[in-house]
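The values are calculated or read from the model by the stated rules, or taken from the named source; none is laboratory data. Nothing here was measured: the structure is a model prediction, and the numbers come from that model. Cβ sites come from the backbone with ideal geometry, for glycine too, and all protein chains shown count toward neighbours. Surface accessibility is based on the protein's heavy atoms, side chains included, excluding ligands, DNA and RNA. Shrake-Rupley method; radii C 1.70, N 1.55, O 1.52, S 1.80 Å.
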Amino acid sequence: MGKIIGVSGNWLDDVSEHRLVNSYVRCISENGGTPIVLPVTDKIEIIREYCSMVDALLLTGGGDIDPKYWGEEWTEMSNKPSVMRDVFDISLTREAYGCGMKTLGICRGMQAMAIVSGGTIYQDIYHQVGRDCLLGHSQKAARSETSHKVMIDSDSMLAEVMGCTVTMVNTFHHQAVRSVGDGCKVTALAEDGIIEGIEMVEKPMIGVQWHPEELFEGHEGHRRLFEWLIK
């Protein structure tokens, strides 16, 4: 059995249903790891037990996070948040940070990392930054295709892991990291300045805004993110 990787589950409020896109599981299992899906819960004792069971953590993507977690009121710029998913992701990320667990945060997972560090999120980049200033961050192309360029800080875990300082990525988001807190640094930017990568300074925790689980076949740098998580 390979390293056990906890994969955070998704939650649909309307039907009280656990759900997970299969590509998250495949990118772990096909790179030598053993994926264990972690069902969403708001019970901190269960979340702590999850962290004691696994060797590393994959924080998956999903819907919008409630802006109360960075001190703002909810507006219609944000989609309706999931109370269960928010409590789960924030608590799970905080536990992983506390025990120094190797973690890869994807999309919403990266945003949870930023919030735990004391950072903030744009509720909607098109309203708060300006549509005319931005690239398209919600591509119409297939998820396995790339659509814009990202520049990576050469002095970062992300650059070391991916083996590059420039990469093409896919993109499916309207919320984005606005700032990071102490102990966290920005490691990648899109050409329009939107933050695309972060990492914890003294912890093995990397976050990316794009979806490498859809790019790991045929894209060496993105595949190496999962190799790093597993080894």
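Annotations
- At R0 = 35 Å, FRET efficiency that the Cβ-Cβ distance of GLU49 and GLU217 yields, to 0.05: 0.60
- The DSSP beta bridges internal to the chain are antiparallel in roughly 60% of cases.
- Mean-position separation - Cα centroids, the range 207-227 and the range 43-65, in angstrom: 20
- With 5 Å bins beginning at zero, the pair-distance distribution over Cα atoms of the range 55-108 amounts to 4, 18, 27, 22, 16, 9, 3, 1 %.
- Residues in the chain average 44 Å² of solvent-accessible surface per residue, probe 1.4 Å, ligands and nucleic acids excluded.
- Efficiency of FRET between LYS140 and GLU76 - r from beta-carbon atoms, R0 25 angstrom, step 0.05: 0.60
- In a simple Cβ point-charge model (Lys, Arg +1; Asp, Glu -1; nothing else charged), the range 179-231 has a dipole of about 260 debye relative to its Cα centre.
- Anisotropy class of the range 98-202 from Cα gyration tensor, a/c 1.5 cut: oblate
- Among GLU199, GLU95, GLU145, the largest mean-square fluctuation in a Gaussian network model of the chain, built with springs joining Cα atoms closer than 10 Å, belongs to GLU145.
- Of all the options ASP89, ASP155, ASP42, the one that moves most in a Gaussian network model of the chain with Cα springs shorter than 10 angstrom is ASP155.
- Taking 0.36 nm per residue of sequence separation and removing the Cα-Cα distance, the MET84/LYS3 pair yields an extension gain of 26.4 nm.
- Non-local Lys pairs in the chain, i.e. 8 or more apart or on different chains, that have alpha carbons under 17 Å apart: 9
- Debye equation applied to the C-alpha atoms of the chain, log10 I(q)/I(0) at 0.07, 0.11 Å⁻¹: -0.19, -0.49
- Rounded percent of accessible protein surface that carbon and sulfur make up, the range 74-231, 1.4 Å probe: 49
- Value of [θ]222 nm, deg cm²/dmol, for the chain, DSSP H segments ≥ 4, -39500 (n - 2.57) each, nearest 500: -7500 deg cm²/dmol
- Placing +1 on the Cβ of every Lys and Arg and -1 on the Cβ of every Asp and Glu, with nothing else charged, gives the range 84-133 a dipole about its Cα centre of roughly 140 debye.
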